[in-house]
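One structure is given here, and the rest of the page talks about it.
None of the figures in this text is laboratory data; all of them are computed from the coordinates on show. Since the structure is predicted, the reported quantities are computational estimates derived from the model, not experimental observations. Here the Cβ is made from the backbone with ideal geometry for all residues, glycine too, and neighbour counts use every protein chain on show.
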Amino acid sequence: MTTDHDALAGIEAAWAAERAGYERDLDTHFARYVAELEELCALPSLSSDESALWACGEFLERKLAALGFQTHLPAVEGASGPPVLIARRHYDPALPTLLIYGHFDVQPVDPVELWTDAPFTPTARDGYLYGRGTADDKGQFFAHLKAVEMLDRLGVGPLANLTLVLDSQEEVGSPHLAAFVERHRDLLAADCVFYADGEAFAGNRVMVQHGNRGDCFLIVRHRAASRDTHSGIFGGVVPNAANELALLLASLVDRDGTILIEGFYDDVVPPTAADREAMARLPHDQADFEAGLGLAGPFGPPGLDHWEKVMFRPTLNVSGITAGYQGPGTKTVIPCEATARIDMRLVKNQTPDDIERKFKAHAATQGFPDLEIERGMRYLPARTAVDHPFCRLAQRALGLAFDQEPVITPVIGGSNPNHIWMEQLGLPMAEVAYAQHDCRMHAPDERYDLDHFRRGILTSAFVITGTARLGRLAAAGEAR
Ligand SMILES: [Zn+2]
C-alpha cells in the first residue's frame, strides 16, 4: 500500500518530467494568453454594476464553453441581480472533482486621477500587466483556464473533473453565496477546493493558506436615561451611560487580551503538530514587529507564540466607543447613551450566534440585561488541516512552479467566506496567491507580474493533473 508521502513523491516526479513540455507550450502561446487577459480586464466589472457583471460573465461563459465546459450563469439570488458562473467539465466519476473558486468582480477605481493608464485599458509594460482586476482576481483565475487549454493541447492526463465557480460579489463579501451553494449542492459536489487570489508575502514568497478566522461584530448601545442632562444640576442623581458602559467593557477582557466571558474558549482547539511546524517556518521578527508599532513588549497571554495568537486564538476588540460631547471646548453633560463597536475574531468551531449568546449572558450578569445590540459583519471561521493530502499537493505544486519554498499559513487572522467550502460543504481547501507582493490590489496602478501569471498557469496545470493522480479518497481525506 502506498502512503500519502509516496503518492506525492510520484506525482512530483511526473510534474518535473512534464514541465519542459509545458514551458515550450507557454513559449509559443503565452503572448496570446496575455492578450486574452487584456480583453478580460478591459471589461469594467465593478461589483455594483450589474450589466457589466453580466457582460463579463457571458464573456467568460464563451471562453469556458470553447474549452468544453458546460456552463450555467444564474443570478446569485432570485430572478435578477448579479450572476454566478458555474462551469463543469467532468470526465470520469471515478476521478476526483476539483472545485475552483474565483471572482470576476473588481474594486472601484477611485481615485482615478492616480492611475498612469486608464484602469480599464490594460497595458503591458516592464513585465507587468497594469489595470483594474489584472491581479485581483481576473489574472489569477484566468491562469486555470489557460492551464486547461494547455493540458488539452498536450494531451496530458488524467485530469481531475473540474467545476469552476466564478463569483461576481466577492469584493462586497459574497453576501448570497452561502445560500446559493446550499441550493446548488448537487451541481457543486466535489472532493477538494482550490482558489487563487491575494498576493505573495514580502520578498515575493508565494503562499498557501488553509483557513481563516471568523468575525462576530456587534454594535452595543447602553441607555442610562431618556435624555442628556446637566452635569451640575443632575450630577450625582442621574447615571452616566459612558461610565456604565466602560464598566461593561472593562469586564470583557483582561490586560493581556484574555476574554473573560464565560465559555468563550469552550470550543477552541489547539494547533496540531503540523500546524506548529508550519507556524515555526513563517517569517516573523518579534523585535522588528514591536519597533515598527512602538510596542514596549509582546502583547497577549505569555507562553503563546505570535502566530498561534493570530491563527488559533479568538479575540475581543473594541473598535470604537461613542458617548457624550467630543467637540472643542467643554460641555458639562451627562450622556444618556453610550455605544461601543465590538469585533470578535473567532476560530474554528466557534460560531457568531453562540458567541453573541455568550456575550449577552455575560452582559446580563454584569448588570446590563437591556443592552441594545445591533449585528454588524459576521463570518464563520474555517480550517483545513495543513497536512491534508490535497493541501500538501497544492503546496508542492506552487513551490515547484515558482521554484521556491512556499509560505504555508494554517489560518489567516482575517475573515472571508471560505467557510462555505471548508465547513458548509466540508471540503479540504487550499488558497494560493499567484499575484506578486507589490500588485497594488484595490489601489491605483494595480498590476500583475506576467512571470507570476505564467507560473500560475504551471501551478494550475500541476494541481489539475495532481488531483487526478491523488485519487478520490485521498482528495476527500477519507484515506487517512
Ligand atoms: Zn480578490
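Given a Förster distance of 30 angstrom, what is the FRET efficiency for residue 117 paired with residue 451, based on the Cβ-Cβ distance and rounded to 0.05? Show your work: numbers first, answer last.
Values: r = 20 Å, r/R0 = 0.67.
Taking R0 as 30 Å, the efficiency between residue 117 and residue 451 is 0.90.
For labels at residue 331 and residue 255 in the simple 7 Å Cα→Cβ model, what's the distance in nm?
Taking the two extended label points, one gets 3.5 nm.
What does the helix-only formula give at 222 nm for the chain: each DSSP H stretch with n ≥ 4 adding -39500 (n - 2.57), the total divided by the residues, and the result rounded to the nearest 500 deg cm²/dmol? All intermediate terms of the calculation are to be shown ahead of the outcome.
Working: 12 runs with 166 residues, N = 480.
Mean residue ellipticity at 222 nm (helix-derived): -11000 deg cm²/dmol.
Hey, can you rank 409-419, 190-200, 300-310 by average C-beta count inside 10 Å, highest first? Provide the component values of the computation, followed by the final result.
Details: 409-419: 21.2, 190-200: 24.3, 300-310: 15.1.
Going by the mean number of other Cβ atoms within 10 Å, highest first, we get 190-200, 409-419, 300-310.
So what is Rg over Rh here for the stretch 95-177, counting just Cα atoms and using Kirkwood for Rh?
Working: Rg = 16.0 Å, Rh = 14.9 Å.
Rg divided by Rh gives 1.07.
Using alpha carbon centroids, what distance separates the stretch 280-350 and the stretch 92-163, in Å?
Taking the Cα centre of the stretch 92-163 as reference, the centre of the stretch 280-350 is 36 Å away.
Name the helices (complete DSSP H segments) of the chain with a Cα length along the long axis of 27 Å or more and a Kyte-Doolittle mean of at least 0.0, or state none.
Values: long enough: 4-41 (42 Å, -0.38); 450-470 (29 Å, 0.47).
For the chain, where a helix must reach 27 Å along its axis and average at least 0.0, the hits are 450-470.
Once the convex hull of the alpha carbons of the stretch 377-443 is built, what does its volume come to per residue, in cubic angstrom?
Numbers: hull volume 7.1 nm³, N = 67.
Hull volume normalised by residue count: 106 Å³.
Any idea how far apart residue 296 and residue 154 come out in nm if each label point goes 7 Å out from Cα toward Cβ?
Here the modelled spin labels are 5.9 nm apart.
If eta is 1.002 mPa s and T is 20 °C, what Stokes-Einstein diffusion coefficient results for the chain, Kirkwood Rh from Cα pairs, in µm²/s?
Numbers: Rh = 24.4 Å.
Result for D is 88 µm²/s.
Using a 10 Å cut-off on Cβ atoms, rank the peptides 447-455, 329-337, 254-262 from the highest mean neighbour count down. Show your work: numbers first, answer last.
On the way: 447-455: 23.6, 329-337: 14.9, 254-262: 13.3.
Descending mean neighbour count gives 447-455, 329-337, 254-262.
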